[in-house]
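Trainee: Attaching a single structure in structure tokens format; questions to follow.
The values are calculated or read from the model by the stated rules, or taken from the named source; none is laboratory data. All of these numbers come straight from a predicted model, not from anything done at the bench. Here the Cβ positions follow ideal geometry from the backbone for every residue, glycine too, while neighbour counts run over all protein chains shown. Just so you know, the surface numbers come from the protein's heavy atoms only, side chains and all, with ligands and any DNA or RNA stripped out. Shrake-Rupley method; radii C 1.70, N 1.55, O 1.52, S 1.80 Å.
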Amino acid sequence: MPEPSWRIDTDPDPVACADLLAAAFAREPAVSWICGASATARTHWFRSTLRTHAGLAGARRAALVGPDGRLLAAAVLTPPGATPSAAARAGWAARTVRHCGPRALGRTLRYLRATEAGAPPGSWTLEFIGVRPDLTGRGAGRVLLDHVLSAHDTYLTTADPSNVPLYGHFGYTALRETRLGPLTITSMTRR
């Protein structure tokens, strides 16, 4: 059951969001394929990605915050048609190679090529949503997802097969499956 003292922050710090998501995605198949088993690489990858995302016009982050001010869950959304500038992409690529290695860069680009064109027109992309690992199953993710879904039609991709029925419970429908290396990526939408 959600705690009454939890609140939504619509402008959380990107680094705090990145660190929470790096922990939340520790066993997620796509991030594991991209970053390997290194928690340091995963943290740097999320920090670099969210730093670039923060510069997108209209991009949004939301977080569920506890009474002590710590983030409990974080979500990252991209508006329809938004893409980073060439300079922002180059900066992201350089940071990713420097901190995570060329394999992480190459695999991220492959993932993006395989999934980016699938968003229905007018839909926001729910890039990431994650919960602090010690709060899994306690309602934090539901509270944040309900907030996100109240404002936007959204599109997402997941390489974790257990997420497909979970998102189905929230009204998402599968659009397609895409194979990429060892991953089966399911694209889903909610309107």
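Trainee: Over all Cα pairs of region 17-91, how is the pair count split among 5 Å bins, expressed in % and running from 0 up to the last occupied bin?
Mentor: All Cα pairs, binned at 5 Å, distribute as 3, 15, 22, 21, 21, 13, 4, 1 percent.
Trainee: Quick check: with the 1.4 Å probe, what order do L126, L112, L175 take by accessible area, largest first? Kindly include the intermediate steps, with their values, before the conclusion.
Mentor: On the way: L126 10, L112 55, L175 80 Å².
Putting L126, L112, L175 in descending order of accessible area: L175, L112, L126.
Trainee: Using helices alone, what [θ] at 222 nm do you get for the chain, with -39,500 (n - 2.57) per DSSP H run of 4 or more residues, divided over all residues and rounded to the nearest 500? Let's see the in-between values first.
Mentor: Working: 7 runs with 82 residues, N = 191.
Value at 222 nm, helices only, nearest 500: -13000 deg cm²/dmol.
Trainee: Within the accessible area of region 1-126, what % is carbon and sulfur when the probe is 1.4 Å and the other protein chains stay in place? Could you put the intermediate results ahead of the total?
Mentor: Numbers: 3430 of 6130 Å².
Carbon and sulfur atoms account for 56 percent of the accessible area of region 1-126.
Trainee: Considering only the chain, what is the antiparallel percent among its DSSP beta bridges, to the nearest 5?
Mentor: 95 percent
Trainee: P(r) for region 1-59: what percent of alpha-carbon pairs falls in each 5 Å bin, starting at zero?
Mentor: 4, 18, 24, 19, 15, 12, 7, 1
Trainee: If you don't mind, there's one more thing I want to ask. Looking at region 102-191, which chymotrypsin sites (Phe, Trp or Tyr not before Pro) are in a loop (DSSP not H, G, I, E or B) and have at most 15 other Cβ atoms within 10 Å?
Mentor: Numbers: sites: Y111, W124, F128, Y155, Y167, F170, Y172; in loops: F170, Y172.
For chymotrypsin sites (Phe, Trp or Tyr not before Pro) across region 102-191 that sit outside H, G, I, E and B with at most 15 neighbouring Cβ atoms in 10 Å, the list reads F170.
Trainee: Accessible area per residue for the chain in Å², computed with a 1.4 Å probe and the full protein assembly in place, what is it?
Mentor: On the way: 9330 Å² over 191 residues.
Heavy-atom accessible area per residue stands at 49 Å².
Trainee: Quick check: Cα centre of region 89-146 to Cα centre of region 1-51, how many Å?
Mentor: Region 89-146 and region 1-51 have Cα centres spaced 9 Å from each other.
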